[in-house]
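These notes are about the structure you will find just below.
The values are calculated or read from the model by the stated rules, or taken from the named source; none is laboratory data. What you are looking at is a predicted structure, and each value in this text was computed from that prediction instead of being measured. As a convention, Cβ positions derive from the backbone with ideal geometry for all residues, glycine included, and neighbour counts pool all protein chains shown.
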Amino acid sequence: MQTFTAHDGTRLAFHVRGEGDPLVVLPGGPMRASGHLGDLGGLAAHRRLLLLDLRGTGGSAVPQDPATYRCDRLVDDVEALREHLGLESMDLLAHSAGGSLAMLYAAHHPERVSRLVLVTATPWAPDMPATPEDRLRAALLRADEPWFEEAIGPFRPWLAGTGEFDPVFAPFFFGRWDDTAREHDAGADEESNDGAGDVFLSPDAFDPPATRAALARCPAPVLVLAGERDGGPSPEPARRCADVFPRAGPAVQPGAGHYPWLDDPRWFAHRIAAFLGPNRSPSHPLARHFPRGLSAAEPGR
């Protein structure tokens, strides 16, 4: 774990996995520690992952001002990390709720993003969230699975806003409900800062028309990856999200849910590595300016 200081003095942590060119990673939740991302299905074999613990999660300190948990306020923390790393611009990957943070960052600092990967991103920032109908259609794809009948009962009222989240319908969020998925799901409560998550989603955190207008001018190539079995977002809303950017393309991972690196690690890692492109040689002339394994993004990438 390494640390740096945010613009307001809060001490923040990030975790380094792998070797090669840096890929800054923003976790979802909202406000879940980055540990649940692991090495993103082996993506660390292709890139040096720099996984940020958002303030108040994982190894990062609790801020003095809880209002700084707002998604738009967290943009400053991502920028502080870039400054700490000494990167002129950076490749950025974000999962789930972190996708809205990445979109706001790209809207505010488009020149600082070389490439952007949105993994099953929840696009609250441009006001394109998953609908209950999207989630239900995805859930009904699982009707032949042995846990379905028990899970669909409490799932319907939760979608309608009349019921609470029930652990029994956690399988809907995974492409397959196996021991790996169960272990991943079991860590969610301990890894999440629920109070901070409520602040993250403050209505004032988002200005969708301004965000969409800014992202329409974002020059970076963007990959919007959806899971075939995910309902939040399902593939079609993910394609609409890609249309917000001028240089974006969607990809659908077969059989995957909301955590696609668990469902088919090889497919996931190779698809993203192909989008990001090959690592540069350690002899690249910019390499000497950065800590071991880190380098600035090449202009025009």
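Values computed for the structure shown
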{"quantity": "Pairs, first free of Cβ contacts under 8 Å to residues at least 12 places away in the same chain and farther than 14 Å from ALA13 by Cβ in the stretch 70-84, second assigned to a loop (DSSP other than H, G, I, E, B) and of a type in the set (Ser, Thr, Tyr), C-beta under 9 Å, six or more apart", "calculated": "none"}
{"quantity": "Set LEU225, LEU262: member being within 22 Å of ARG112 (Cβ to Cβ) and aliphatic (A, V, I, L, M)", "calculated": "LEU225"}
{"quantity": "Tally of residues being among the polar types (S, T, N, Q), modelled with pLDDT of 95 or more and either more than 18 Å from the chain's Cα centre (by Cα) or assigned to a strand (DSSP E or B) (or both) across the stretch 110-160", "calculated": "1"}
{"quantity": "Helices (runs of 4 or more DSSP H) contained in the stretch 182-250 and holding at least 2 residues among the small types (Gly, Ala, Ser) and out of contact with any helix residue (DSSP H, G or I) (no Cβ under 9 Å at 6 or more places or on another chain)", "calculated": "235-242"}
{"quantity": "Conditions (1) surrounded by fewer than 22 Cβ atoms within 10 Å (Cβ to Cβ); (2) at pLDDT 95 or above; (3) under 23 Å from ALA106 (Cβ atoms); (4) not basic (Lys, Arg); number of the one not met by ALA196", "calculated": "(1)"}
{"quantity": "Strands (runs of 3 or more DSSP E) completely within the stretch 1-87 that count 3 or more residues being among the aliphatic types (A, V, I, L, M)", "calculated": "11-17, 22-26, 48-53"}
{"quantity": "In the stretch 261-277, the residues that are of a type outside the set (Val, Ile, Thr), buried (at least 23 other Cβ atoms within 10 Å of the Cβ) and more than 12 Å from THR180 (Cα to Cα)", "calculated": "PHE268"}
{"quantity": "Members of the stretch 208-223 found to be within 15 Å of PHE275 (Cα to Cα) and of a type outside the set (A, V, I, L, M, F, W, C), listed by number", "calculated": "PRO221"}
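Yes/no matrix, rows are residues, columns are (1) among the basic types (Lys, Arg); (2) modelled with pLDDT of 95 or more:
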| site | (1), (2) |
| --- | --- |
| PRO203 | no, no |
| ALA214 | no, yes |
| PRO221 | no, yes |
| ARG229 | yes, yes |
| PHE245 | no, yes |
| ASP263 | no, yes |
| ARG271 | yes, yes |
| GLY277 | no, no |
| PRO299 | no, no |
